[in-house]
Amino acid sequence: MDDFMNTEISDRDLILQWLNTASLSQDSAEKLELLHKLQEFLTRKVPNLLPEFLDNVLNFTTDLSADVKKALVGFIEEACKVNESLLTKVMVNLHMLLCVESIPVQKRVIQATITIYRKMLSWLCKAPIITQEMEQAWNQLNMIKVEIANMIDSDNDGVRTSSVKFLECVVLLQTYPEQLENRSPNDFSLEDVPLTLKIARRRKLEEEANKIFDLLIKFNGSQHISSANLFACIGALTNIAKHRPEFMGKVVLAIELLHSNLPPTLSTTQVNSIRKKLKSELSSLIKHHAAFEYIENISAMLIDLGFTQQEVQKLIPKADERRRYTKRVIQEESSHQISKKAKLDSSSNSDLNEQLQKLATDTNEKYVLEHLNIDVAVQLVLSTAPKLPSVIPNQFKIDYAAFMKMGHVGELKVLGKMLAIQLLEAGIGPGADVLKNPPNQKEKSPEVESSSRKRELDDDDKEKPNKKERVKVPRIKTLKLTEITKPLEKNTKERLLLGAVERILLADKTGAGQLRQKIIITLASSFNESVRTTILSFLLSDLRTHLDTALAWLFEEYSIMQGFTRLPALRRDGRLDQGYNNLLNAFVNASASDALVISRLLLEVPMITDQALDQLCAICSDENRCAWALGLLKDLIIRRPPKQSVFLNALLTHTTHESNEVREYTINHILDLYKRQNLRGSIEKFIRLHLDFLRLAQPPLSLFGETQGRLMGTDSWNDDLVRACLLPYVSLLPMNETLIHDLAKVYIQTNADIKRTILRLLETPIRTMGMDSIELLKLVEECPKGAETLVTRVIHILTDKGQPSSQLVQRVRDLYQTRVSDVRFLIPVLNGLTKKEVIAALPKLIKLNPVVVREVFNRLLGLHGDSPITPTELLVALHLIDPSKADLKTTMKATSMCLNEKQVFTQEILAVVLQQLMDQTPLPTLLMRTVIQALGSHPRLSGFVMNILQRLILKQVWKQKVVWEGFVKCCQRTRPQSFSVLMQLPAPQLSEALNMCPDLREPLKQYFLNFTEGQRTHIPASVQEVLLGTSVASQKTPEIVPPPSADMLPPPLTSMEPLPPGME
């Protein structure tokens, strides 16, 4: 294997083998192991192959395993350390990994971004040319930076902590360092950014750093910050202050505000930990030279945190150290060597070196003062004047100006001190000899000897009085309270205790409110049951007024239950959670009718127990209180994420409650919550489960009980139970239209009663979805077998008050032609079909239930919008229906139903219909029936009817039996106007007509006898014989009389009524 891995080819093959195995593996642990191998191999052994296989490794960005994604982030970080040019390739993948929902992956990305951000800035500043890929990578990294900055408000504690550390790094990288700071070669700051770098200007980077620093300050002062975040933020701010002294003032002020106003959400243990953290950071901060201006503020905080004044004084830098620092700042440019020496001196903590330095300075000062006079000063000036430069150096101006400001001009002692220091720095004078030949450590300097001797004398003086005080004192018997007093009886002690507690409870509340509350809470949580009962009764007497105290007590009990606070000795017998549970139950019971109190109580308590939730659910079941109680339950779901699923299930349970009011309020809240993406899955799971209940033969037990308002169970489904299971589901249909398909599947498997209920409840949601809904069109197109009535109902609802869309019509047409031959599917979309399709479907449509047929005609007659067929065409089409497709009786009912619509089938419409029917060959069977009905509805059509009867004679109507019978009946009903028409019949047909209707014979005879002789000549003899009943015709050969022409019409015909308008 070693030989195999030694060559470049074998390395490449091995990498390919690992990549293929990892991409095909389903085991996350195996992938993780292979990724670690790839990281070690590519970053350590063969980094030259890293650019070649980087894209293959980055493909694991979309892996489902969070551990694999974390390992990939580590790989990206190591790869960027090895080869900075790979930064342009990994930014998009790094951004994708930051956006995943897994918290551990987000934290790992933020940690890696700290290194990558430093690398990217350093690389850009060193690069001779900025390419387009480098600029895009920098822009992508800036987007990542903005997202991490926004994550400081994340819901997860760890993510917020990681964001704080990243923002600390950004502030340090994008600000100028201290001039005298000892920087390592790898450190990066704003000074390293070249002025020629266009994509990252110094000014913009510094402004961004200042904004991020302000964000950290704001986060540090947040009232809801957790202890872990506070730890990280305090450390970040103090670190920034140490490395960037310009922020020292803001950091000290922020720590002061935090110290005086710690977040109220912290427990006692957490507060103690934060105070320890503040003590540690402030004790290191006070040593920093830049903190000199704020020593008073820092000292006050340290003393408040437990330091003594002496301990604080030890932490404050000595005056010499501060002076040396100041001197370094002033003389850095001109005297680098002096600064270096002062730095070495300041780093030494040896008392001997300090004393030697002071002794050497004092020796030189003494020497200078002894020998300095006017003559020596004049000689010094004259001897050094030729050596002075022609131009005054800048450093001399600065030093001289500082000397003038001190106000010691002309003072001999100050001048001697300055000369002594300069002589010592130049290595001359008696002080230099002291430094060159220091005294032996065993031999003390005169000052050291004098100081030690003085200490010894002081010690002797202290010991002498001690020796004198050692005199025998007579023993005095100590007074013991137990020997002179009697112990109180238990009842008396308890009575006094309760009396003291009551006095505290009833004390004036104007001053020391918080202290009084703390005393009450301590008594309630630490003492016996009687004290607890007394305080509880007091709080319950007016819970709204004492709500703050009640909440404080609950928090104290929660701390005891969780182990944050030590369990009081008097309560070690009971269960840890019993005190908190009983207390919360008592408060909830007392506030069950006060919406404001119980809302604040349940929203602010540290934990809601199952018993308290049951009490709230009982309130939700009450119709008088359900409105605000269910709203409170909804707020708990939103504002208390840890138990979100528990509260959501409690709310969902009320969607099937027996009370319509409770159910309605609950469903409205569920609709609001359904808009939240993280709650959709749980809500859909619940409503699908209850929808599936409808498939069961009998309702499940979960629909009964106290919480559901149904105490008694039942073996069969009723309307209330069906509606309870259906309403939540159908209410969500407009928000999630895909649910309609599951409803269709369940519909197939239910009984007839449940199906009827489903069809009734569908109207509102389907109307809201509209006929443009893709899912509804898909349902119509697929139409599951057995769900035809459901689909028909859906189509009816969609087209009830509007014209069907072309998409809906096409899908219904395809369904009717290919899969479902039930003509009822066409009824809702009749207005969207063509006239030809409507006429073709008429025979099937008129066979349906009369109510359905009426609905069909309403649609076709334009009562629901535009119709593809006119009333005239509809009535004509009904008369022309083939008897083999629909029997005569059915057609008669259909035509009667149409003719009953008198507002549609007016006199003019009927005239047009009859005219078109007369043009048909052969004549429609129901022609005369329609003529009679039209005449009955519109008597003014009598003249037009006479004209039709005359035309029927010309068409030899007696050849069609049914029409002939209708002709005779029409003549009978229209007498005497029809007498002139009857006399135009041939004699045999007239005789037959009179035989069919004998009551016409006598009136027709009288009508004929009233004719004049001239008029009678126009009547054929055979007709006269039939009318008069004589035998004239029998003596002659019967002659065939042609139908009378128009000019042979008798005079009465000229007096007939005019035709209807438009028919002349």
Counting only residues in segment 583-603 that are out of contact with any Leu (no Cβ under 8 Å at 6 or more places or on another chain) and aliphatic (A, V, I, L, M), the one farthest from Leu551 (Cα to Cα) is identified as Ala592
Consider only pairs whose beta carbons are under 9 Å apart and that are at least six residues apart or on different chains; among these, list those whose first residue lies in segment 344-372 and is modelled with pLDDT under 75 and open to solvent by less than 80 Å² (accessible area, probe 1.4 Å) and whose second residue is β-branched (Val, Ile, Thr) and in a helix (DSSP H, G or I). Leu352/Val448
Lone qualifier among Ile217, Ile234, Ile225 - being among the aliphatic types (A, V, I, L, M) and open to solvent by 10 Å² or more (accessible area, probe 1.4 Å): Ile217
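For (1) under 18 Å from Val605 (Cα atoms); (2) open to solvent by less than 70 Å² (accessible area, probe 1.4 Å); (3) in contact with a Cys (Cβ under 8 Å, 6 or more places away or on another chain), each residue gets a yes or a no:
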site: Val501; (1), (2), (3): no, yes, no
site: Ala507; (1), (2), (3): no, yes, no
site: Ile519; (1), (2), (3): no, no, no
site: Ser526; (1), (2), (3): no, yes, no
site: Asp542; (1), (2), (3): no, yes, no
site: His546; (1), (2), (3): yes, yes, no
site: Leu551; (1), (2), (3): yes, yes, no
site: Gln562; (1), (2), (3): yes, no, no
site: Arg566; (1), (2), (3): no, no, no
Does Leu173 satisfy the criteria of being without any contact (Cβ under 8 Å) to a residue 60 or more places away in the chain and under 21 Å from the mean Cα position of the chain (by Cα)? no
Lone qualifier among Leu990, Leu985 - being in contact with a helix residue (DSSP H, G or I) (Cβ under 9 Å, 6 or more places away or on another chain), over 29 Å from Phe905 (Cα atoms) and not in a helix (DSSP H, G or I): Leu985
Do we have Glu208 as more than 37 Å from the chain's Cα centre (by Cα) and in a helix (DSSP H, G or I) here? no
Among (1) surrounded by fewer than 17 Cβ atoms within 10 Å (Cβ to Cβ); (2) at pLDDT 80 or above, there is one condition Leu285 misses while meeting the rest; what is its number? (1)
Condition check for Leu583: part of a loop (DSSP other than H, G, I, E, B) and either in contact (Cβ under 8 Å) with a residue 24 or more places away in the chain or open to solvent by less than 50 Å² (accessible area, probe 1.4 Å) (or both): no
Of the residues Leu733, Leu727, which single one is open to solvent by less than 30 Å² (accessible area, probe 1.4 Å) and under 34 Å from the mean Cα position of the chain (by Cα)? Leu733
Of the candidates Val931, Val856, Val913, the one satisfying the condition of being among the β-branched types (Val, Ile, Thr), part of a helix (DSSP H, G or I), modelled with pLDDT under 85 and open to solvent by less than 50 Å² (accessible area, probe 1.4 Å) is Val856
Just to verify a result, which residue in segment 299-311, among those that are out of contact with any Asp or Glu (no Cβ under 9 Å at 6 or more places or on another chain) and either within 21 Å of Pro245 (Cα to Cα) or among the small types (Gly, Ala, Ser) (or both), is most open to solvent (accessible area, probe 1.4 Å)? Gly306
Apart from one, (1) surrounded by fewer than 21 Cβ atoms within 10 Å (Cβ to Cβ); (2) under 28 Å from Leu888 (Cα atoms) all hold for Gln810; the odd one out is (2)
Within 29 Å of Trp138 (Cα to Cα), open to solvent by 10 Å² or more (accessible area, probe 1.4 Å), not hydrophobic (A, V, I, L, M, F, W, C) and not in a loop (DSSP other than H, G, I, E, B): is that true of Asn272 in this structure? no
Within segment 123-137, residues being within 12 Å of Asp192 (Cα to Cα) and surrounded by 17 or more Cβ atoms within 10 Å (Cβ to Cβ) number 2
Quick test of your reading of the structure: Ser805 fulfils all but one of (1) surrounded by 21 or more Cβ atoms within 10 Å (Cβ to Cβ); (2) out of contact with any helix residue (DSSP H, G or I) (no Cβ under 7 Å at 6 or more places or on another chain); (3) among the hydroxyl-bearing types (Ser, Thr, Tyr). Name the failing condition by number. (1)
Kindly check whether there is at least one residue in segment 916-926 that is closer than 30 Å to Ser805 by Cα and part of a loop (DSSP other than H, G, I, E, B). no
Say whether the condition of being among the basic types (Lys, Arg) and more than 30 Å from Phe188 (Cβ to Cβ) is met by at least one residue in segment 65-77. no
Members of segment 707-735 that are part of a helix (DSSP H, G or I) and touching a residue at least 60 places away in the same chain (Cβ under 8 Å): Thr707, Asp720, Ala724, Cys725, Leu727, Pro728, Ser731
Do you know which residues across segment 742-757 are touching a helix residue (DSSP H, G or I) at 6+ places or on another chain (Cβ under 7 Å), open to solvent by 10 Å² or more (accessible area, probe 1.4 Å) and free of Cβ contacts under 8 Å to residues at least 40 places away in the same chain? Lys755
Only one of Arg767, Arg793, Arg824, Arg760 is surrounded by fewer than 21 Cβ atoms within 10 Å (Cβ to Cβ), of a type in the set (D, E, K, R), out of contact with any Lys or Arg (no Cβ under 7 Å at 6 or more places or on another chain) and modelled with pLDDT under 85; which? Arg824
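Residue-wise test of (1) outside any helix (DSSP H, G or I); (2) touching a Cys at 6+ places or on another chain (Cβ under 6 Å); (3) of a type outside the set (Ser, Thr, Tyr); (4) farther than 16 Å from Lys276 by Cα.
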{"residue": "Gln223", "(1), (2), (3), (4)": "yes, no, yes, yes"}
{"residue": "Asn229", "(1), (2), (3), (4)": "no, no, yes, no"}
{"residue": "Met248", "(1), (2), (3), (4)": "no, no, yes, yes"}
{"residue": "Val252", "(1), (2), (3), (4)": "no, no, yes, yes"}
{"residue": "Ile255", "(1), (2), (3), (4)": "no, no, yes, no"}
{"residue": "Leu258", "(1), (2), (3), (4)": "no, no, yes, no"}
{"residue": "Pro263", "(1), (2), (3), (4)": "yes, no, yes, no"}
Cβ contacts < 6 Å: first residue open to solvent by less than 10 Å² (accessible area, probe 1.4 Å), restricted to segment 639-662; second residue in a helix (DSSP H, G or I) and of a type in the set (Gly, Ala, Ser), any location; separation 6+ or different chain. Result? Leu648/Ser682; Thr656/Ala724
Only one of Gly713, Gly705, Gly681 is of a type in the set (Gly, Ala, Ser), open to solvent by 40 Å² or more (accessible area, probe 1.4 Å) and out of contact with any helix residue (DSSP H, G or I) (no Cβ under 8 Å at 6 or more places or on another chain), namely Gly681
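The values are calculated or read from the model by the stated rules, or taken from the named source; none is laboratory data. The structure presented is a predicted model; accordingly, all values stated were derived computationally and were not measured. Virtual Cβ from ideal backbone geometry, glycine too; neighbours counted across all protein chains shown. The protein model used for the area step is the full one, side chains on, heavy atoms only, and it has no ligands, DNA or RNA in it. Shrake-Rupley method; radii C 1.70, N 1.55, O 1.52, S 1.80 Å.
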